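Below is one structure; the comments refer to it alone.
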Amino acid sequence: MPLPDPKSRRIPLDEAAAMTRRYRESMHKGWMFLRKDLDELLAQPGCAGMRFYYGLNDKGENGLVMVGVDRDGNDMVKGVLLDDGFPCPIWCGDGNSLNS
């Protein structure tokens, strides 16, 4: 399957804040990733983007898996896969309209 229309995925802060607030109210979770890990994932030959999958870890807690995507929209499952990163809470940073 080809990649979707490359239209801008930008949204205003108030819409982003509402989305993250609704999610926090239901899941109370966010993740921070280090740039070195994201760079490694995106630097893979043929990587055109990334996809996120929600899951449960071995403790039954909500988790996240990130995988590179090629230009045909296929997961690059033989490449770099990232897990949850650093969970929020505790790695939330200063309070703002996205995390508080």
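The values are calculated or read from the model by the stated rules, or taken from the named source; none is laboratory data. All of these numbers come straight from a predicted model, not from anything done at the bench. Note: ideal-geometry Cβ built from the backbone for every residue, glycine included; neighbour counts use all protein chains shown. These area figures cover heavy atoms from the full protein model, side chains too; ligands, DNA and RNA do not enter into them. Shrake-Rupley method; radii C 1.70, N 1.55, O 1.52, S 1.80 Å.
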The chain: Cys lacking any partner C-beta under 4.7 angstrom: Cys47
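Provide Rg over Rh for the chain; use the alpha carbon set for both Rg and the Kirkwood Rh (inverse mean inverse pair distance).
0.99
Rounded to the nearest 500 deg cm²/dmol, what is the calculated helix-only ellipticity per residue at 222 nm for the chain, with -39500 (n - 2.57) per DSSP H run of length n ≥ 4?
Taking each H run of at least 4 residues, the total per residue is -7000 deg cm²/dmol.
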Relative contact order, percent, region 21-100 [alpha-carbon distance under 8 Å, six or more residues apart]: 34
Residue-normalised accessible area of the chain, expressed per residue, 1.4 Å probe, Å²: 76
Trypsin sites (Lys or Arg not before Pro) within region 20-100: DSSP coil, no more than 15 neighbouring Cβ in 10 Å: Lys59, Arg71, Lys78
On Cα atoms only, tilt of 13-27 relative to the major axis of the chain in degrees: 80
